[in-house]
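Written below as structure tokens is the structure these notes are about.
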Amino acid sequence: MASQSPRLPRGIRHDPMRPGQKQRFDRSVWVHNENSNPVNMNIDYQRSVSLRASRRAERNNQNQQTEDVEGEFFSTGKWSQDYPMKITWRRGFLRLVLAGGILWMFLIPTVLVFHVWSCQSSLAFFSAMCNRSSRVLIMLDTMGLVPKPPHRCLIPVADDPEKIIIPKRTPSKVVEQLTYITEDVVGNNGSSLPPLFGGHQSWLQRDESFELKSSMKVHCGFMRGGGVEMATKDIRYAKKCRFVVASGIFDRYDTPHQPSDISPRSQKLFCFLMAVDEISINFIKKNITVSEDKDGGQWVGIWRLIVLKNPPYDEPRRNGKVPKILTHRLFPQAQYSIWIDGKMELMVDPLLILERYLWRGKHTFAIAQHKHHRSIYEEADANKRRKRYARPLIDLHMKIYRYEGMEPWSPMKNTISDVPEGAIIIREHTALNDLFSCLWFNEVNLFTPRDQLSFGYVVYRLGGVFKFFMFPNCEYNSLFVLHRHTRKHSSRVELVKSLDEFKGNNGDLKESRGGLGLWTPYPGNLSSVLLPPVSRTSKAG
């Protein structure tokens with residue numbers, strides 16, 4: 001006998017559930033039936049049980065559908081072919097977007113660098129591409145990211161070297177005869193000191209060398225047995241040189257750079273002599289072509305290489321001061337000389353340089369003005385920041401000059417500046433100029449190898465007798481192209497920050513043949529000397 005469904009109270013509609021469909025009922029019907037009879041409570045219980053069962057069946061149905069879908073993905077049907085392909089395409093798209101972003105990040109700085117480079121390029125094609133009024137360039141310039149080109153100006157040189165008339169030599173007036181000390185005096189006990197290239201100059205001899213006389217004998221390097229030896233073939237060649245363009249490379253810091261725009265007349269008139277040490281000549285031979293003439297002379301283009309054996313100093317920078325400052329001693333037959341540093345490429349005919357800087361104004365000595373500094377104390381501060389020599393030794397050097405009355409530069413002085421740009425020196429080899437060069441070198445020999453610190457001091461000690469032409473720095477930049485050194489300087493003494501570092505096991509930091517004046521007891525009391533305050537006018541260091 002079939003069971004009958006219980007009769008529902010009036011107002012309740014019973015809908016049989018279809019598969020996959022929730023049971024629906026109106027919960028509000030039961031709100032007012034809290035006090036209903038047991039029959040209604042039994043019906044409520046049955047409906048609650050039926051509702052829970054339907055919800056359980058619904059969850060099972062959803063899980064089964066999920067499993068069916070996953071089964072379809074991993075089945076051998078259509079989804080097994082398309083799903084991995086979609087995943088591959090999605091990953092490839094993400095990688096493409098990432099690679100494009102990285103490429104774009106590199107492309108922007110590359111374009112900016114090219115933009116800045118084109119504005120600095122000397123090539124007309126690339127320079128024409130530069131938009132100097134662009135906001136990008138202005139913004140980079142404001143941030144300090146645009147390198148400033150060298151400040152150049154037109155040089156009022158003559159038009160034709162062939163038409164220049166070489167004047168007569170300038171007569172010697174203040175100093176008429178100059179000779180040199182070549183041997184140290186033997187000590188009182190009969191023992192002689194070890195030979196040094198600069199000699200063992202005493203403080204008294206140093207003071208006497210600044211007292212001008214018509215006939216003078218001073219220390220000027222090249223002490224017997226002190227070093228710097230030239231081959232006989234080079235001495236023989238240099239004897240015939242009256243007009244000299246000199247340069248030097250030491251400790252393989254540079255390679256020779258060929259001058260440009262040299263007239264046929266200057267090629268015959270000038271000797272282009274480059275002093276090198278043995279380390280540098282071997283380095284040059286490995287990197288560029290060195291030819292030999294029938295007499296065994298070594299050449300790189302127009303440069304005759306003069307090998308200097310037995311370097312006189314431990315410090316390569318100090319070795320480079322020998323041909324630079326003592327050009328008249330190294331090439332004694334020279335009447336005129338133009339010194340340029342080894343990193344420089346000459347772009348102006350040397351005969352035009354002599355006419356512009358010496359003969360036109362009746363000068364005998366010309367040197368460029370420093371770009372930033374006019375006071376030696378400012379230059380000393382910049383050297384310390386750039387680690388160009390031991391900081392405490394630079395301070396000691398400046399204290400000696402301050403004690404001896406060297407004032408900071410001011411407009412009240414008779415000189416344009418106390419600090420030169422020493423990379424170029426243009427000289428007529430008169431007796432007074434040769435004396436100045438000797439005294440300048442003696443200061444470099446006694447103290448630090450930073451010759452720019454000593455130039456103004458020697459001018460001061462000579463009391464205005466020594467006359468020279470200091471021309472604008474912008475003209476200096478128009479005479480040459482500056483090239484980078486082949487490597488950085490590597491002297492340990494430049495990193496010393498206190499005098500205590502020279503003591504004990506670090507005694508080898510001291511130079512054994514130069515700068516001895518810094519370690520010789522000074523005849524004055526330097527403890528109370530205060531260096532002048534420095535106003536930093538450049539970003540050096």
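A few comments on the model shown:
- Checked against the criterion of being out of contact with any Phe, Trp or Tyr (no Cβ under 8 Å at 6 or more places or on another chain) and modelled with pLDDT of 95 or more, the stretch 470-492 contains one or more residues that satisfy it.
- Filtered residues of the stretch 81-99 (kept if open to solvent by less than 100 Å² (accessible area, probe 1.4 Å) and modelled with pLDDT of 85 or more): VAL97, ALA99
- Pair list, Cβ under 7 Å, 6 or more apart: the stretch 514-532 residue without any contact (Cβ under 8 Å) to a residue 60 or more places away in the chain, other residue among the aromatic types (Phe, Trp, Tyr): none
- The requirement of being among the aromatic types (Phe, Trp, Tyr), more than 30 Å from GLU511 (Cβ to Cβ) and open to solvent by less than 10 Å² (accessible area, probe 1.4 Å) is fulfilled nowhere in the stretch 297-304; no residue meets it.
- Residues that are open to solvent by 60 Å² or more (accessible area, probe 1.4 Å) and in a loop (DSSP other than H, G, I, E, B) within the stretch 171-181 comprise PRO171, LYS173, VAL174, GLU176, listed in sequence order.
- Condition check for GLY456: touching a residue at least 40 places away in the same chain (Cβ under 8 Å), at positive phi and open to solvent by less than 70 Å² (accessible area, probe 1.4 Å): no
- Counting the residues of the stretch 405-417 that are in contact with a helix residue (DSSP H, G or I) (Cβ under 6 Å, 6 or more places away or on another chain) and open to solvent by less than 10 Å² (accessible area, probe 1.4 Å) gives 1.
- If you filter the stretch 507-521 down to residues that are open to solvent by 60 Å² or more (accessible area, probe 1.4 Å) and under 28 Å from the mean Cα position of the chain (by Cα), you find that the one that is modelled with the highest pLDDT is LYS510.
- Residue count for the stretch 418-463, restricted to those that are touching a helix residue (DSSP H, G or I) at 6+ places or on another chain (Cβ under 9 Å), of a type in the set (A, V, I, L, M, F, W, C) and assigned to a helix (DSSP H, G or I): 12.
- Residue match in the stretch 315-326 (condition: open to solvent by 20 Å² or more (accessible area, probe 1.4 Å) and part of a loop (DSSP other than H, G, I, E, B)): no
- Unmet requirement for LEU140, which otherwise passes all of (1) aliphatic (A, V, I, L, M); (2) modelled with pLDDT of 65 or more; (3) assigned to a helix (DSSP H, G or I): (2)
The values are calculated or read from the model by the stated rules, or taken from the named source; none is laboratory data. Keep in mind it's a predicted model, so treat the numbers as computed, not measured. Using ideal geometry, Cβ is built from the backbone for each residue, glycine included, and neighbour counts are taken over all protein chains shown. These accessible areas exclude ligands, DNA and RNA; they are computed on the full protein's heavy atoms, side chains included. Shrake-Rupley method; radii C 1.70, N 1.55, O 1.52, S 1.80 Å.
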